[in-house]
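Following: one structure in structure tokens, then a few remarks.
The values are calculated or read from the model by the stated rules, or taken from the named source; none is laboratory data. All values derive from a computational prediction rather than experimental measurement. For neighbour counting, all protein chains shown are included, and Cβ atoms are generated from backbone atoms with ideal geometry for every residue, glycine included.
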Amino acid sequence: MLCVGATAPLFAQQKRFAEGLTFVYDQRDAALAERLWPMMQADRAAMMERLGLHPSGVLRVELTPTMAAFRAAQPHPAPDSALGLYYPARRLVLLRAPRTDPGGQWDLRGVMRHELAHGILDLAVERPIPRWLNEGLAILMADELSFLDDSRLTMAAVTGNLLPLERLMRTFPAGEGPRTLAYSQAASFVRLLKDMGDVDGIRRLLAAMAQGVPVPEAFRRVYGLSLPELEARWRKDLVGRFSFATLLGSTTVLGIVGVPLLLLAAVRRKLEQRRALKAWRQDEGDPPRPPATRLRRVGVWRDPRVSWRPPRRLS
């Protein structure tokens, strides 16, 4: 149902129906809808096959022709910068038509795949899954991993500024910088899961959750490690990719922390390596664990009912 309060819909609705999908659009976007509709059906079927999920519910997809219609259709307000939204309680995917931003360009099909992935997960699992896993899988299904900023993640890992996954279970941060980092972390962690067990591992993980297996137990069953152990492995892998030359060449990193902090991080890591090597030479037993990194915990709030993705524009 279109959520527009007590007023009538703000555009003349045209509708298409298929198994598991209802597509609503404005007559002004009829030509675009003609191209998008077969893609929507094909992408939905491909993602369900890839994830091994075949939900029986119906998703409603609305392509809104104006920003006023986009805002009015939202059961709960979202940032105007959002290009696509998913509302689980309504099983509703909202997309902005390109006409809402005549001067901008974005990958509408990618946005659509991302939000459809949220809908598929919601219908199939029928219970909350970790927010970071939900977003990471949506990025994977939308083939957006290539846009992952590894240098930003590595910088955050080296400087101890990664967000703990336990703080990303239900919500993502509200600020642009922390929110972007949270999305990057989600995508990176899901990439690790894919590398460890391919898509089959992800299928088995989702199947276990759909059967009611608690999240910690589901991860241990599929990957043989607890979620904290997997997170520690992921963090270690990120730090292992540290390359000062790579980070120095990143304008994103320089804009955030500057050269002095990067130099300090590089020197600190080198000293830790030297101390560890010295200890290993003196001890023929198990080597000591490297010093623990203090994590900065960020207290944030976010409406868990809304799935929001940051805008990605094409140059």
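Things to note:
- Whichever residue in region 111-147 is of a type in the set (A, V, I, L, M, F, W, C) and assigned to a loop (DSSP other than H, G, I, E, B) and, among such residues, is surrounded by the fewest Cβ atoms within 10 Å (Cβ to Cβ): 129
- Residue in region 137-148 that is of a type in the set (S, T, N, Q), out of contact with any strand residue (DSSP E or B) (no Cβ under 8 Å at 6 or more places or on another chain) and farther than 30 Å from residue 49 by Cα present: no
- All conditions in (1) in contact (Cβ under 8 Å) with a residue 12 or more places away in the chain; (2) out of contact with any Ser or Thr (no Cβ under 7 Å at 6 or more places or on another chain) hold for residue 34, with the sole exception of (1).
- The set of residues in region 84-110 being at pLDDT 95 or above and part of a loop (DSSP other than H, G, I, E, B) consists of 91, 97.
- Selection within region 83-94 - in contact with a strand residue (DSSP E or B) (Cβ under 9 Å, 6 or more places away or on another chain) and surrounded by fewer than 21 Cβ atoms within 10 Å (Cβ to Cβ): 88, 90, 91
- Pairs, first among the hydroxyl-bearing types (Ser, Thr, Tyr) in region 70-90, second modelled with pLDDT of 95 or more and not in a strand (DSSP E or B), C-beta under 7 Å, six or more apart: 86/115; 86/118; 86/119
- Checking each residue in region 98-142 for being more than 28 Å from residue 69 (Cβ to Cβ) and not aliphatic (A, V, I, L, M) picks out 126, 127, 128, 130, 132, 136.
- Every listed requirement among (1) closer than 19 Å to residue 111 by Cβ; (2) out of contact with any His (no Cβ under 8 Å at 6 or more places or on another chain) is met by residue 48 save one, (2).
- Residue that is among the basic types (Lys, Arg), assigned to a helix (DSSP H, G or I), at pLDDT below 95 and out of contact with any helix residue (DSSP H, G or I) (no Cβ under 6 Å at 6 or more places or on another chain), where the choices are 220, 179: 179
- Conditions (1) exposed (fewer than 14 other Cβ atoms within 10 Å of the Cβ); (2) in a loop (DSSP other than H, G, I, E, B): number failed by residue 55: (1)
Residues are listed down the side, and each one gets a yes or a no for (1) farther than 30 Å from residue 201 by Cα; (2) buried (at least 18 other Cβ atoms within 10 Å of the Cβ); (3) in contact with an Asp or Glu (Cβ under 8 Å, 6 or more places away or on another chain):
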residue: 22; (1), (2), (3): yes, no, no
residue: 33; (1), (2), (3): yes, yes, no
residue: 41; (1), (2), (3): no, no, no
residue: 67; (1), (2), (3): yes, no, yes
residue: 78; (1), (2), (3): yes, yes, no
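- Figure legend. Inter-residue proximity from region 170-181: first residues without any contact (Cβ under 8 Å) to a residue 60 or more places away in the chain, second residues assigned to a helix (DSSP H, G or I), beta-carbon distance below 8 Å, spacing 6+ or different chains. Indicated pairs: 181/152; 181/153; 181/156.
- Residue that is modelled with the lowest pLDDT [pool: residues in region 1-23 that are touching a Ser or Thr at 6+ places or on another chain (Cβ under 9 Å) and closer than 17 Å to residue 97 by Cα]: 10
- Against the test of being of a type outside the set (D, E, K, R), under 26 Å from residue 174 (Cα atoms) and in the same structural domain as residue 21 (by TED's automatic domain parsing), the options 76, 54 yield a single qualifying residue, 76.
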